[in-house]
Amino acid sequence: MTKTRLSPDTIRILRHLVATIAFRSSRSLRDAPDGFAEIRLTETGMTAGELVLHMTNVLAFAFATVTGTDRIRHEALPWQQEIDRFYSLLSNLDARLVAGIELENGMDLRLMQGPFADALTHIGQLHAMRRKAGAPVASTNYVRADIQIGRVTLDHLTD
């Protein structure tokens with residue numbers, strides 16, 4: 001399997017995508033109403049807490065891929081710890097991208113179409129859960145949003 005060092009432009013795009021995931025998820029997770037972790041869109045669907053855990057595990061695959069390590073499957077934590085772990089993973093992923101990485105040919109695109117796109121899909125579900133919980137996320141023009149590469153924490157994001 002041939003590995004190639006990612007170009008600065010590819011790293012920039014991947015880092016921007018990680019920052020986008022952090023920003024968009026913060027819109028649902030920041031100041032979530034009491035009991036939000038237990039909200040479900042459907043009777044048999046995941047709770048918000050289970051969805052954040054799933055997003056963490058999906059992104060753990062991306063982290064394992066960029067670090068060349070074994071994937072860790074995380075177990076559920078209490079709500080705030082789950083959110084903290086999610087943002088810690090985003091921060092570690094961004095830091096690894098900053099350091100520069102080598103991936104097998106085409107894996108950068110598979111990371112985008114797989115775990116990163118999956119996380120964005122689930123963020124949309126979290127937004128719908130906020131609406132169901134009676135605390136909808138305010139509309140945002142994401143083209144104009146202040147998303148900055150390297151800004152991947154919950155508390156430091158602004159609308």
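The values are calculated or read from the model by the stated rules, or taken from the named source; none is laboratory data. Computed from a predicted structure; not experimentally measured. Cβ atoms come from the backbone with ideal geometry, glycine included; neighbour counts cover every protein chain shown. Accessible surface areas use protein heavy atoms only, side chains included; no ligands, DNA or RNA. Shrake-Rupley method; radii C 1.70, N 1.55, O 1.52, S 1.80 Å.
Helix 8-29 versus the longest principal axis of the chain: what angle, 0 to 90°, nearest 10, using Cα atoms?
10 degrees
What list of ³J(HN,Hα) values in whole Hz, one per residue of the range 142-147 in order, does the Karplus curve 6.51 cos²θ - 1.76 cosθ + 1.60 (θ = phi - 60°) give from phi, with Gly and Pro shown as x?
The phi angles translate into 5, 5, 9, 4, 7, 9 Hz.
Using only Cα atoms, tell me the angle between helix 48-67 and the longest principal axis of the chain; keep it within 0 to 90° and round to the nearest 10.
Relative to the chain, helix 48-67 is tipped by roughly 10 degrees.
Counting only heavy atoms of the protein chains, get the accessible area per residue of the chain (1.4 Å probe) and round it to a whole Å² value.
Here the residues of the chain average 54 Å² of exposed surface.
I'd like the FRET efficiency for D70 and V98, computed as 1/(1 + (r/R0)^6) with the beta carbon distance as r and R0 of 30 Å, rounded to 0.05.
0.85
Of A76, M107, A117, whose Cα points farthest to the positive end of the dipole of the range 1-126 (charges on the beta-carbon: +1 Lys, Arg; -1 Asp, Glu; origin at the Cα centre)?
Checked the options; the winner is M107.
Order the peptides 130-139, 61-70 from the highest to the lowest mean number of other Cβ atoms within 10 Å of their residues.
Going from most to least packed, we get 61-70, 130-139.
Among T56, V66, T42, flag the residue with its Cα farthest along the positive direction of the charge dipole of the range 14-85, charges on Cβ as +1 for Lys/Arg and -1 for Asp/Glu.
So the residue furthest toward the plus end is V66.
Provide the net charge surrounding S28, with neighbours chosen by a C-beta distance below 11 Å and charges set as Lys +1, Arg +1, Asp -1, Glu -1.
+4
Select from the range 1-98 those GluC sites (Glu not before Pro) which occupy a DSSP coil region and have at most 16 other Cβ atoms within 10 Å, ordered by residue number.
E43, E75
How much of the accessible area of the chain, in percent, comes from carbon and sulfur atoms when a 1.4 Å probe is used?
The C+S portion of the solvent-accessible surface of the chain is 51 percent.
In the range 23-129, which trypsin sites (Lys or Arg not before Pro) fall in coil by DSSP and have 16 or fewer other Cβ atoms within 10 Å?
Answer by residue number: R30, R71, R73.
List every residue whose amide H lies under 5 Å from the amide H of T4, counting only residues 5 or more places away in sequence or on a different chain, with H placed 1.01 Å from N in the peptide plane.
Sorted by chain and number, the residues that satisfy this are L103, E104, N105.
Could you work out the relative contact order of the chain, using alpha carbon pairs under 8 angstrom and six or more residues apart, expressed as a whole percent?
About 42 percent, as a whole number.
For the chain, what is the calculated [θ] at 222 nm in deg cm²/dmol (nearest 500), taking -39500 (n - 2.57) for each run of four or more DSSP H residues and dividing by its residue count?
Rounded to the nearest 500, the figure is -17500 deg cm²/dmol.
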